[in-house]
Each structure stands twice: as C-alpha cells, then as structure tokens.
1. What are the ³J(HN,Hα) couplings of the range 356-367, residue after residue, when phi is run through the Karplus curve with 6.51, -1.76, 1.60 and θ = phi - 60°? Round to Hz, x for glycine and proline.
2. Residues in the range 12-51 near a label at Val247, defined as backbone nitrogen under 17 Å from the 7 Å Cα→Cβ point?
3. Going from most exposed to least, what order do Ile407, Ile70 have by accessible area with a 1.4 Å probe?
4. Specify the angular offset, from 0 to 90 degrees and rounded to the nearest 10, of the alpha carbon long axis of helix 344-353 from the longest principal axis of the alpha carbons in the chain.
5. Roughly what % antiparallel, to the nearest 5, for the DSSP beta bridges in the chain?
6. Using Cα centres only, tell me the gap between the range 297-328 and the range 337-357 in whole Å.
7. Give me the distance in nm between label points sitting 7 Å out from Cα along the Cα-to-Cβ direction at Arg216 and Glu356, one decimal.
8. How far, in nm, would the chain grow between Arg346 and Asp286 when pulled straight, counting 0.36 nm per residue and subtracting the alpha carbon separation?
Amino acid sequence: MSSLPIWRSRPCAFDILPATTVRHAAVNDFVFLSEGTTNSVCVVTPGGRLIVNTGLGFEAPVHKAYFDSIDRGPVRYIVLTQGHVDHVGGVDCLRDPDTEIVAHARNPWQQADDLRVQPFRSRRAYFAWAAAIDGKRGPQGGAAPVQSRPQPTILVDDRTTLELGDRRIEVIACTGAETVDSLLVWLPAERICITSNVFSALFGHFPNLVTIRGDRYRDPLLYADTIARVRDLEPELLLVGHGGPIVGRDVIRDELVRMRAAVLHVHDAVVAAMNAGADVWTAMRDVRLPPELEQGEGYGRVSWSVRAIWEMYAGWFHHHSTTELYPVPYWTVHPELVELAGGPDRLAAAAQAKVETAPVEAIHLAEVVLTAAASHRGALEASRAAHRRLLADSVNFWETRWLEHMIRRLEAALARSTST
C-alpha cells in the first residue's frame with residue numbers, strides 16, 4: 001500500500017461550488033469534465049455524446065454550454081449515477097428529444113423516496129448549502145431552472161453495455177454506495193471508471209454512512225463490496241464526483257484497498273464493542289483508525305459512522321434509560337433542574353467555566369438554562385463561546401456548517417435580548 005494518502009492533496013468539501021461559472025477540464029481527447037455541486041462528464045464519440053450526471057437545474061446550462069463548445073453531436077445517453085438532485089436536476093436542459101436516460105433499476109424508488117420527504121430534508125440541509133445555492137438565476141438572469149424529475153428509459157439491475165460510435169461503455173449497478181441506486185460507468189478499452197459519488201462526496205475520506213441532514217442508513221459491508229468491485233476493474237483513471245481525475249493504476253488500487261480496509265476496520269470494531277457490552281457513546285469515543293488506514297474526515301466522520309453502524313444493527317433504543325421509550329423529551333425537566341441548581345445565573349456560570357476544557361458539556365449546561373430562560377444572556381454567551389471553541393478545531397464540512405449556523409442563531413438571540 002502506498003504512503004499517499006491521496007485525500008491530503010485533493011480539494012476538500014469547502015471547495016465544492018455550484019456551476020455558476022465554467023470550471024472545466026479536458027480529461028483526454030474525448031472525455032470532458034465540468035465541475036459543479038457534482039461533476040458532470042461528457043464522453044464524445046463519432047456516434048454522438050454520452051453525459052454522466054447533469055448537476056442541479058440552475059447548473060445545467062453551464063454544463064451544456066461547455067459540452068456544446070466541444071462537440072455538437074446528439075446526446076444519445078444521459079447516465080445518472082444516482083438519484084440525488086445534484087445528479088438528475090439538469091436532465092431536461094441537457095437531453096435531446098431521443099436521448100436515452102440510463103439509471104439503476106432502483107432509481108425510480110430512490111427519486112420517489114427523496115420526493116416523499118423533500119420538505120423535511122431540504123430544511124435540514126439548508127444550513128449547509130444556503131450560501132452556495134441561494135439566489136441562483138438562469139444564464140440570462142431569469143428565474144432559476146426548475147429541477148428535472150427524469151423518468152429513466154433504460155434501467156440497469158446488474159450490468160449493461162452501450163455501444164456508441166467507436167466506444168464500448170459498460171454501466172454497472174452497485175447497491176453499497178451513497179444511495180441504493182448507484183451506477184459505475186466503465187470504459188474498458190481505456191480503463192476509465194466514472195464513479196461520481198459512489199464512494200460518498202470526497203474520495204479518500206471516510207464515508208457518511210448517514211448524514212446529519214438525514215438520510216437512510218448505508219450498509220458498510222455493501223459499501224466495502226462496491227469498493228472491491230471497482231478495485232477488481234483495475235482502472236487506470238477515476239473520475240469522481242468532486243475534484244479532478246485520479247490517475248495511475250497503482251495509486252487507485254492502493255487507495256481503494258485502504259478505503260475498504262478502513263470501513264471494515266470500523267465496522268468490526270463497532271461490532272466487537274457491541275458484543276463486549278460497551279455503550280454507543282464509548283464506541284464513538286474509542287473506535288479509531290490505525291495510522292496505516294488513515295482517511296480524511298472532511299465530509300463524514302468515523303465517530304458518526306460508529307453510531308450509524310450501531311443503530312443499523314440495534315435501532316434507536318440504546319438501553320440507557322427508560323425515558324427513551326416514551327414521548328417525553330429530557331428537556332421537559334430542565335426548568336426544574338435550573339431551579340434546583342440555584343437559578344439560571346449559577347448554571348450559566350458553570351457552562352462558561354467549561355467552554356475551553358469541555359465545550360460540549362458547556363453546551364449541555366447552557367441548553368438546560370435556555371430551556372427555562374430562552375433569552376438568558378449568560379447562557380447564550382456561554383453557548384456561543386463553546387460553539388466557537390468547537391469551530392476552531394473543525395475540519396469537517398457538515399460540522400463546520402452546523403456550528404456556524406448555531407453561532408448565527410445564538411448571536412441573533414443575543415441581539416434580541418439586548419433590544420428588549
């Protein structure tokens with residue numbers, strides 16, 4: 001295994017930007033990459049073009065303009081590597097009247113699942129992506145194009161081959177990935193594999209087995225199987241969902257071996273902790289990757305995946321407290337705790353004292369006060385300071401965006417408390 005690890009030399013999640021301006025690259029003389037919230041790829045052949053993923057609705061005109069500047073041949077196929085909106089949203093812009101839409105056999109299920117809880121997930125994801133997507137307009141300054149909801153015309157449940165011009169393109173289904181409807185696009189003659197976000201958003205980083213915005217749990221063992229499937233193709237070039245190509249058979253193989261071993265290591269450590277009688281919080285604290293399996297944690301985190309694996313096996317009841325069984329949240333007793341502790345000022349001072357050494361505990365204490373007295377300045381200030389302390393050490397996209405979101409909320413509450 002090489003000593004890379006490759007994630008240290010690649011863009012991070014904070015570099016993921018929407019395609020409001022052209023950011024593109026010629027991978028070779030027939031494959032072209034247009035970057036956005038998820039990369040779009042165009043394969044040019046004498047028989048027409050194949051496009052892999054289309055971006056969000058407002059990004060698609062940018063992708064289209066770039067691809068059309070390279071070649072004006074008909075778009076014969078659009079391949080959707082998964083059903084998330086940043087992959088399918090621009091289909092209507094990029095398709096031609098006779099374009100075949102290729103997707104996993106479970107793509108209709110995935111799109112229906114996303115649509116079913118769209119208001120819920122949109123609200124929960126907004127804090128992370130608002131700055132990137134708010135106020136986007138079409139290329140002529142009109143309203144932003146709506147999101148496409150494409151109906152696939154070719155469904156792949158295992159593997160299918162597309163012959164296009166002088167290219168043979170294989171589309172391979174995999175279930176252990178970011179979604180249950182993920183596809184790989186494989187050009188066997190050139191040994192190019194287009195994986196997009198099959199491995200989660202950032203290649204070389206530990207995956208999100210469930211995101212904090214809210215998703216279905218992702219099975220780590222099936223994920224490991226998918227990594228093995230790509231490894232066994234022996235690609236010489238990978239095109240992933242974010243950032244430029246990854247080049248070199250040995251580099252790719254070593255990274256895939258490392259990624260698979262890391263996921264299996266965490267899975268097996270969680271299972272061992274469960275069987276040994278540890279609780280989930282102990283496992284979240286203690287399960288770590290050894291240095292030789294180092295992964296980035298810029299999008300997912302090992303500790304979050306520990307909890308995801310635990311709950312995938314065990315569900316929501318942690319056998320910690322009888323109160324978990326009833327619809328009475330723990331914060332209903334916070335006002336009484338504040339009174340018993342001698343009042344909000346005392347607890348707020350205790351929270352402030354923990355900001356530097358135990359910021360999460362400081363937030364716990366501050367939230368006890370704020371349940372009873374939502375505008376208490378001492379508790380608001382302690383919570384803000386604790387969030388800032390955590391933010392100073394954060395390298396994870398989701399954690400950072402959440403902490404920033406909470407700091408803004410706390411500052412707004414402080415402003416209101418001053419004005420009243």
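The values are calculated or read from the model by the stated rules, or taken from the named source; none is laboratory data. These numbers were taken from a predicted model, which means no experiment stands behind them. Note that each Cβ is placed from the backbone with ideal geometry, even for glycine, and that neighbours are counted across all protein chains shown. What goes into the accessible areas is simple: the full protein's heavy atoms, side chains included, and nothing from ligands, DNA or RNA. Shrake-Rupley method; radii C 1.70, N 1.55, O 1.52, S 1.80 Å.
1. Listing the rounded values in order: 7, 9, 8, x, 5, 5, 4, 5, 3, 5, 4, 5 Hz.
2. Hits in the range 12-51 for Val247 at 17 Å: 24-34.
3. Ranked list, largest accessible area first: Ile70, Ile407.
4. For helix 344-353, the angle is close to 60 degrees.
5. The antiparallel proportion sits near 65 percent.
6. A separation of 28 Å, based on Cα centres.
7. 4.9
8. 18.3 nm
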